[in-house]
Amino acid sequence: MALCRTYVASRSGKSGSRMSGSAVGDVSEHDRLGRFTEGNTEYRAKQRRLAEIAQSLAAEYDATPSQVRLMSIIARHMDDAERSRSAERRVKASNTVRRLLKELRREPEPEKLNAFDEYVKQRQQKAETL
C-alpha cells in the first residue's frame, strides 16, 4: 500500500508534510492526519506483547535476578525486530537480541537416556534390591 503525503502550510509559514492516514486507518486507531485518537490501546497492546515475550524468555532461560531485568530489554528488541518497518532497524534489533542472549544461561535440559542406558539402570536397581 502506498503512503499518501499531504503538504500543508502552517500558520507560522513553514510548510511540511503530513500523512494522509490512508495507510494507518482505523485498525491502529489513528485519525486521518496520522495522529493517535483518544482511547488508543496500542500502548497497552505493546506492553502485553513485551510481557509475553519476557515470560517465554524466563521459561527458557535460567536467569539470575539481574538478568531478569535484561530480559525486558531483550523483549523490547525482539518486538522491534518483529514489527519495525525499516529493514535497518529490524537488523539492528535482531543483532542486539542475538548479542544479549549470549550472556544468558539456558535452562538445563533433562537428561535423555537411550535404550541401553535405561537397561543398565534397571539392572542396577534390580541388583540393589536383591
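The values are calculated or read from the model by the stated rules, or taken from the named source; none is laboratory data. The structure displayed is predicted, hence computed values, not measured ones. Positions of Cβ are backbone-derived with ideal geometry, glycine not excepted, and every protein chain shown enters the neighbour counts.
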Okay, helices (runs of 4 or more DSSP H) sitting entirely in segment 63-130 with 1 or more residues that are assigned by TED's automatic domain parsing to the domain that holds Glu52, I get 65-83, 87-101
Taking only segment 43-59 into account, find how many residues are more than 20 Å from Ala93 (Cα to Cα) and touching a residue at least 12 places away in the same chain (Cβ under 8 Å).
1
First in segment 62-76 and under 16 Å from Glu107 (Cβ atoms) and free of Cβ contacts under 8 Å to residues at least 12 places away in the same chain, second anywhere and basic (Lys, Arg) and outside any helix (DSSP H, G or I), Cβ under 9 Å, 6 or more apart
Thr64/Arg105
Any chance you could count how many residues in segment 103-118 are surrounded by 11 or more Cβ atoms within 10 Å (Cβ to Cβ) and more than 26 Å from Ala58 (Cβ to Cβ)?
2
Among (1) touching a His at 6+ places or on another chain (Cβ under 8 Å); (2) modelled with pLDDT of 80 or more; (3) not aromatic (Phe, Trp, Tyr) - the single one Thr37 does not satisfy:
(2)
Scanning segment 97-113 for residues that are more than 17 Å from the chain's Cα centre (by Cα) and at pLDDT 75 or above gives Glu103, Arg105, Arg106
Of the residues that sit in segment 43-102 and are of a type in the set (S, T, N, Q) and closer than 24 Å to His30 by Cα, which one is surrounded by the most Cβ atoms within 10 Å (Cβ to Cβ)?
Ser84
Tally of residues being part of a strand (DSSP E or B) and farther than 23 Å from Glu103 by Cα across segment 32-62:
1
